[in-house]
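Undergrad: There's a structure below that I have some questions on.
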């Protein structure tokens, strides 16, 4: 991780009010759509959204799920998410402090989603995080993020060496497999952006 968790939390809290307007790239919107599409919860499912930010995915999935739990390190971002949930009249979604390796979730989770958040972790930290996710027992994990399909180009818009630490698709696939998942879909949005869909072996 290039910055401490506290530094990341402060940085995102500072920009929380403008965050939604700043995420207007075609690639980001495509990732959101793909994560929502592949999460595809039923009315009996509890969904965990890690790195929920201002709740874009959590709030979209809430009307289709039994319950959605959003976790983030930034109180500022979650404040925006809570305000939107209240405005939309959604009472089956809740937001609270949590991180990939300490999600602060006690209930059973059926589906885990995350979008544009895990790339702040190092390769080893991602390995630890995915192990924690697997330990929550979900049948499906949908990860949209900055990831390398080829040789990374630091001049591309989705990779900032100062704060980002993306992994290769191969590394992420290996870690998911090592933790009992089977990769059922790989969606390349950009040479540095993609969505991975991982399901429990035998549950596809």
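Undergrad: Out of the residues in region 23-56 meeting the condition of being at pLDDT 95 or above, assigned to a helix (DSSP H, G or I) and in contact with a helix residue (DSSP H, G or I) (Cβ under 8 Å, 6 or more places away or on another chain), tell me which one is surrounded by the fewest Cβ atoms within 10 Å (Cβ to Cβ).
TA: The selected residue is 36.
Undergrad: Only one of (1) touching a strand residue (DSSP E or B) at 6+ places or on another chain (Cβ under 7 Å); (2) over 17 Å from residue 35 (Cβ atoms); (3) modelled with pLDDT under 90 is not met by residue 158, so which one is it?
TA: Unmet condition: (2).
Undergrad: Please go through region 175-186 and give me each residue that is surrounded by 15 or more Cβ atoms within 10 Å (Cβ to Cβ) and assigned to a helix (DSSP H, G or I), ordered by number.
TA: 175, 176
Matching residues to (1) within 25 Å of residue 58 (Cα to Cα); (2) more than 16 Å from the chain's Cα centre (by Cα); (3) in contact (Cβ under 8 Å) with a residue 60 or more places away in the chain:
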residue	(1), (2), (3)
101	yes, no, no
116	yes, no, yes
124	no, yes, no
137	yes, yes, no
155	no, yes, no
165	yes, no, yes
176	yes, no, no
186	yes, no, no
197	yes, no, yes
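The values are calculated or read from the model by the stated rules, or taken from the named source; none is laboratory data. Predicted, not measured: the structure shown is a model, and the values here were computed from it. Don't worry about glycine lacking a Cβ; one is built from the backbone with ideal geometry, like all the others, and counts go over all protein chains shown.
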